Amino acid sequence: MRNKIYPFYFALGTVGVYFIFFVVPGLMGFYYSLTDWNSYSDTITFIGLDNFKTLFSSGENYVSYIINTLNFTASTVILKTAIGLLFALILNEGIKLKGFHRVMIFMPSIVPMLVVGLIFKSILNPATGLLNEALRWMGLDFMAQKWLVDANWAFKSIIGVDTWKGAGYIMIILLAGLQSISRSYYEAAEIDGANSWHKFKYVTLPLLMPALVVTTVLNLLHGLKVFEAVYVLTNGGPGYATDVLYTAIFKEFSMGRYGVGTALSSLLFLFMTIVGYFVIRLMAREEGRDQ
């Protein structure tokens, strides 16, 4: 501490605010997850781990909500990264109107999810939606589906809409990473006889890894916190087929079952903490390699 420019007590105010507004509410939330807190009773009784037992009991759907959340997170991380990287590689080269293409691909990411959801509810309408009408016009009637009301397609449709909205944002981050790579590395690789694939594998990918780690973290956090896309497009339906953790938490609080809702929140917090720990360790390791 003696080597620091400022004394440690300069940070006490910030630490105090953080403790009051983040740590204390977090601990209170964990405590309430161990109670029968609800809107039908004025008393709150400690019930131990009963709420957590309810979450994992066979008669409830909470496990399927957890699986849906993990499925959504893994799918969108892979799809957004792959599509964003593809667009970044294409638009990093000297193609015509690349500035225009960059803006058009990035544009969906600045549109509010509520607006995107309403637009796609119209596009994916099974009877009058633009997508099915276009497929029928091309003679591809067999490909027309009940995109948002069929249990086999609803969750895939949500993943597709969220990927469409977020791929442009990932592309911009990866494009910045690509433009920070010096051309001298590629020139040296060409002198050594490297082809396009070798340059991508041995030059682009390793030097782009810090940007890829950042986009992966952003996609992970977004995927685990998904709510708007599901709520606007299907509201968890058909049945409970597309419900995720945050829509389940919202419904539990709407029904006045605050104890179960806070148990779900605590479970999600624990999972995000574990994931965040390993991701930060990965980022620190990548930074160590760059130095």
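The values are calculated or read from the model by the stated rules, or taken from the named source; none is laboratory data. This structure is a prediction, so every number in the text was calculated from the model and none was measured. A quick note on method: Cβ atoms are made from the backbone with ideal geometry, for glycine too, and the neighbour counts reach across all protein chains shown. Calculation scope for accessible area: heavy atoms of the full protein, side chains included, ligands and nucleic acids excluded. Shrake-Rupley method; radii C 1.70, N 1.55, O 1.52, S 1.80 Å.
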Open item on the list: Only Cα pairs within less than 10 Å get springs; with that Gaussian network setup on the chain, which residue of M143, M171, M255 has the largest fluctuation?
Closed with: M143
Open item on the list: I want to check a number: in the chain, how many lysine pairs have alpha carbons closer than 18 Å, given a sequence separation of 8 or more or different chains?
Closed with: 11
Task: Net +/- balance of residues flanking L218 in space, Cβ distance below 12 Å, scoring K and R +1, D and E -1 - done: +2
Task: In Hz, Karplus ³J(HN,Hα) per residue of segment 168-183 (6.51, -1.76, 1.60; θ = phi - 60°; x = Gly, Pro) - done: x, 5, 5, 4, 4, 5, 5, 5, 4, x, 5, 6, 8, 7, 5, 5
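Carbon and sulfur atoms: what percent of the 1.4 Å accessible area of the chain do they account for? Could the numbers behind the result be given before it?
Details: 12000 of 17810 Å².
So the carbon and sulfur contribution to the accessible surface is 67 percent.
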Open item on the list: If I stretch the segment between N235 and S122 completely, what's the gain in nm (0.36 nm per residue apart, minus their alpha carbon distance), one decimal?
Closed with: 39.2 nm
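Would you please give the FRET efficiency between W164 and I5, computed as 1/(1 + (r/R0)^6) with r the Cβ-Cβ distance and R0 = 45 Å, to the nearest 0.05?
Numbers: r = 47 Å, r/R0 = 1.06.
FRET efficiency, W164 to I5: 0.40.
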Open item on the list: Compute, for segment 60-244, the length of the dipole vector about the Cα centre, with Cβ point charges of +1 (Lys, Arg) and -1 (Asp, Glu) only. Units Debye, rounded to 20.
Closed with: 320 debye
Open item on the list: Run the Debye formula on the Cα coordinates of segment 60-244, all scatterers equal and no solvent, and tell me log10 I(q)/I(0) at q = 0.10, 0.11 1/Å.
Closed with: -0.50, -0.59
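What 222 nm value per residue comes from the helices of the chain, counting each DSSP H run with n ≥ 4 as -39,500 (n - 2.57) and dividing by all residues, nearest 500 deg cm²/dmol? Walk me through the numbers before you get to the answer.
Values: 14 runs with 188 residues, N = 291.
Computed ellipticity for the chain at 222 nm equals -20500 deg cm²/dmol.
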Task: Vicinal HN-Hα couplings computed from phi for segment 31-45 (Karplus, 6.51 cos²θ - 1.76 cosθ + 1.60; Hz; Gly/Pro x) - done: 5, 5, 5, 9, 10, 9, 3, 7, 7, 9, 9, 7, 9, 10, 10
TODO: For segment 1-44, just run the numbers: alpha carbon Rg, then divide by 2.2 N^0.38 Å, N being how many residues it has.
DONE: 1.93
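Between V15 and F46, what FRET efficiency follows from the Cβ-Cβ distance if R0 is 25 Å, with the result rounded to 0.05? Before the final figure, lay out each step's value.
Details: r = 30 Å, r/R0 = 1.20.
Using R0 = 25 Å, I get an efficiency of 0.25.
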Open item on the list: How much length would be gained if the chain were fully extended between K201 and I274, taking 0.36 nm per residue of separation minus their Cα-Cα distance, in nm to one decimal?
Closed with: 23.2 nm
- [ ] Apply the Karplus parameterisation 6.51 cos²θ - 1.76 cosθ + 1.60, with θ equal to phi minus 60°, to every residue of segment 207-220 and state each ³J(HN,Hα) to the nearest whole Hz, in sequence, with x for glycine and proline.
- [x] 6, 8, 4, x, 5, 5, 5, 4, 5, 5, 4, 4, 5, 4
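So between V24 and I181, what do we pick up on full extension, going 0.36 nm a residue minus the alpha carbon distance?
Working: separation 157, 0.36 × 157 = 56.52 nm, distance 4.44 nm.
Result for the pair: 52.1 nm of gain on full extension.
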- [ ] List the residues whose amide H sits under 5 Å from the amide H of W37, counting only those 5 or more places along or on another chain, with H placed 1.01 Å from N in the peptide plane.
- [x] T45, G259
- [ ] Would you please give the residues with an amide H less than 5 Å from that of T242, counting only those at least 5 places away or on a separate chain, with H modeled from the backbone geometry?
- [x] G237
